[in-house]
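Have a look at the structure below before the remarks.
The values are calculated or read from the model by the stated rules, or taken from the named source; none is laboratory data. Model, not experiment: these values are computed from the prediction. FYI the Cβ positions are ideal-geometry reconstructions off the backbone, even for glycines, and counts take in every protein chain you see.
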Amino acid sequence: MKTITGVVSSSKADKTIVVTVRERKTHPLYRKQYTTTTKFMAHDENNEAQVGDKVVIVETRPVSKRKSFALQKVVEKAEVKHVESEVEVPGVTDKEKA
């Protein structure tokens, strides 16, 4: 069975994630290094992976036309950045803020 490690780039569909895998390759003739990105659709039964998570997917039987992988485990959760709320200033409306 083939296992692939990548980063979740989309989790909008129900029970489906899109995993982006980046790979560094070297051109055989010119010896120049370049980066390739490949996207795999994977089945996520419990909707546990979120965008930005580092995951391991494993090859399975085809679940649909484009899904032939399933989520095995979440290696590293994405870092969630805290967004501070706006400060309310008395006497200022939303139109004046913008």
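One table, with the values for the structure above:
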| read-out | value |
| --- | --- |
| Whichever residue in segment 45-98 is acidic (D, E) and modelled with pLDDT of 70 or more and, among such residues, is farthest from M1 (Cα to Cα) | E88 |
| Looking only at segment 14-54, and only at residues there that are surrounded by 10 or more Cβ atoms within 10 Å (Cβ to Cβ) and basic (K, R), the one that is nearest to the chain's Cα centre (by Cα) | K54 |
| Pick from segment 17-51, criterion among the basic types (K, R) and without any contact (Cβ under 8 Å) to a residue 24 or more places away in the chain, ranking: nearest to K73 (Cα to Cα) | R22 |
| Single unsatisfied condition, K65 versus (1) closer than 20 Å to A13 by Cβ; (2) surrounded by fewer than 14 Cβ atoms within 10 Å (Cβ to Cβ); (3) touching a Ser or Thr at 6+ places or on another chain (Cβ under 7 Å) | (3) |
| Odd one out for S11 among (1) over 15 Å from K77 (Cα atoms); (2) surrounded by 11 or more Cβ atoms within 10 Å (Cβ to Cβ) | (1) |
| Residue in segment 8-15 that is in contact with a Ser or Thr (Cβ under 7 Å, 6 or more places away or on another chain), within 18 Å of V56 (Cβ to Cβ) and not hydroxyl-bearing (S, T, Y) present | no |
